[in-house]
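> This is the structure, below, for whatever I ask next.
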Amino acid sequence: MTNQELAQKLKDLRDFLIIAGYPEGHATRYTHIARHIEKMAEPVTDLAAEGRLAEIPGVGALVKQYIKEILETGVSSKQTEFEKDAPISVLELVRIPGLGAKTARRLYQEFGITSQADLKTALAADVFIDVAGIGPKTLATWRASVS
């Protein structure tokens, strides 16, 4: 796994945790660590093989374990732990321009939307008409993205 791929997995973990209800302030650490990993010249796989993951700023014992799990299996136990609170398919929503983790959490919690297909169905049924915080521009962007 490349540094870029690992960094994306950590960013996805952050988004997923926020959608699943994990405190945003704690989840954001994964984005910070991902940024450090993206800038590293040395492959993180080498650091892991040499037991040096703690050299990455922000990586303590627990995050070190999550990184090892991601490198070995593609998934961390932290993600697995929170899959009881939200399906992993909710990450599809944050791929839509202008739709971040907090909005994806709202769509999941308030409307039961778990994927881009669910969002497309909800848009076709005009579910979001007159919903506070979701205006015509947002709806147009979403429609263009899921069509």
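Every read-out reported here was derived from the displayed coordinates using simple, explicitly stated rules and does not represent laboratory data. If you're wondering where the values come from, they're calculated on a predicted model, not measured in any experiment. Cβ placement follows ideal geometry from the backbone for every residue including glycine, while neighbour counts extend to all protein chains displayed.
> Over all directions, average the projected area of the Cα convex hull of the chain and note it in nm².
Numbers: hull surface 36.9 nm².
Quarter of the Cα hull surface area: 9.2 nm².
> To continue, here is another question. Run the count for the chain, please: Lys pairs, Cα-Cα under 21 angstrom, 8 or more apart or on different chains.
21
> When a/c is below 1.5 the answer is rounded, else prolate if a/b is larger than b/c, else oblate, so apply that to segment 3-82 with a ≥ b ≥ c taken from the square roots of the Cα gyration tensor eigenvalues.
Prolate.
> Expressed as an acute angle from 0 to 90° and rounded to the nearest 10, what is the orientation of the C-alpha long axis of helix 136-146 relative to the principal long axis of the chain?
60 degrees
> Averaging sequence separations of C-alpha pairs under 8 Å and six or more residues apart, then dividing by the length of the chain, give the relative contact order as a whole percent.
23 percent
> In segment 45-147, what trypsin sites (Lys or Arg not before Pro) fall in a loop by DSSP, with at most 14 other Cβ atoms inside 10 Å? Let's see the in-between values first.
Working: sites: Arg52, Lys64, Lys68, Lys78, Lys84, Arg95, Lys102, Arg105, Arg106, Lys120, Lys137, Arg143; in loops: Arg52, Lys84.
The qualifying sites are Arg52, Lys84.
> Can you tell me the FRET efficiency between Leu62 and Glu24 if r is taken as the Cβ-Cβ distance and R0 is 22 Å, rounded to the nearest 0.05? List each step's numbers first, then the result.
Details: r = 18 Å, r/R0 = 0.82.
So, using R0 = 22 Å, E works out to roughly 0.75.
> OK, next. Based on the Cβ-Cβ distance from Glu5 to Ala132, what FRET efficiency comes out when R0 is 30 Å, to the nearest 0.05? Kindly include the intermediate steps, with their values, before the conclusion.
Working: r = 38 Å, r/R0 = 1.26.
It comes to 0.20.
> May I pose another question? For helix 61-73, report the angle its Cα long axis makes with the longest principal axis of the Cα atoms of the chain; keep it between 0 and 90° and round to the nearest 10°.
Long axis of 61-73 versus the principal axis of the chain: about 80 degrees.
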